[in-house]
1. Restricting attention to segment 48-61, which residues are over 20 Å from ILE30 (Cβ atoms) and open to solvent by less than 100 Å² (accessible area, probe 1.4 Å)?
2. Output the residues belonging to segment 3-25 that are of a type outside the set (A, V, I, L, M) and open to solvent by 40 Å² or more (accessible area, probe 1.4 Å).
3. Can LYS121 be described as among the basic types (Lys, Arg), loosely packed, with under 15 Cβ neighbours inside 10 Å and under 18 Å from the mean Cα position of the chain (by Cα)?
4. Could you identify the single residue in LYS28, LYS34, LYS64 that is exposed (fewer than 15 other Cβ atoms within 10 Å of the Cβ), out of contact with any Lys or Arg (no Cβ under 6 Å at 6 or more places or on another chain), among the charged types (D, E, K, R) and assigned to a strand (DSSP E or B)?
5. Looking only at segment 80-103, filter to residues that are within 17 Å of LYS118 (Cβ to Cβ) and not in a helix (DSSP H, G or I); which one of those is most open to solvent (accessible area, probe 1.4 Å)?
6. So which of VAL54, VAL93, VAL8 is over 28 Å from LYS121 (Cβ atoms) and among the hydrophobic types (A, V, I, L, M, F, W, C)?
7. Across segment 90-123, what is the total count of residues that are closer than 18 Å to GLU27 by Cα and not hydrophobic (A, V, I, L, M, F, W, C)?
Amino acid sequence: MSASQANVLLLDEPTSHLDIYSQIALEKAIEDYKGAILMISHDFYSVVNGMDYVLIIGDKTISKMSIEEFREMIYTSHFDENYLENEQKKKSVEMKIELALKDTNFELAKSLVDELEKLIKLL
């Protein structure tokens, strides 16, 4: 790939050991990236919100799923019925933090981070 100058990122557990600010920055960078991304991750949230499809590797098989199929499978088998609502609230608060930081409204950003941390604990 590097010899062909392919526009590909290879990410191995990219959210490991990141604080919340770094996770938000990584999600934004993945969203804005104009190439292909091959990510290995156990972080369902970053996979669900950043990819077009997922390859599930297990039991000597590889299965390809659309992100919608993957999301449904994960939510059904791992999370309670409030998870999706809390995830959407989390995304909304992250966007508010980004806007507050752009406006240099650090007090608002700080209060929103406190709200974000409470939402993350629910997830």
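The values are calculated or read from the model by the stated rules, or taken from the named source; none is laboratory data. These numbers were taken from a predicted model, which means no experiment stands behind them. Quick reminder, even Gly has a Cβ in these numbers, built from the backbone with ideal geometry, and neighbours come from all protein chains shown. Side chains are part of the model used for accessible areas, which takes the heavy atoms of the whole protein and leaves out ligands, DNA and RNA. Shrake-Rupley method; radii C 1.70, N 1.55, O 1.52, S 1.80 Å.
1. Across segment 48-61, the qualifying residues are GLY58, THR61.
2. Those that are of a type outside the set (A, V, I, L, M) and open to solvent by 40 Å² or more (accessible area, probe 1.4 Å): SER4, GLN5, ASN7, ASP12, GLU13, SER16, HIS17, ASP19, TYR21, SER22, GLN23.
3. Here the answer is yes, as LYS121 does meet what is asked.
4. LYS64
5. Across segment 80-103, the extreme among qualifying residues is ASP80.
6. None of the other options fit; the residue is VAL8.
7. 8
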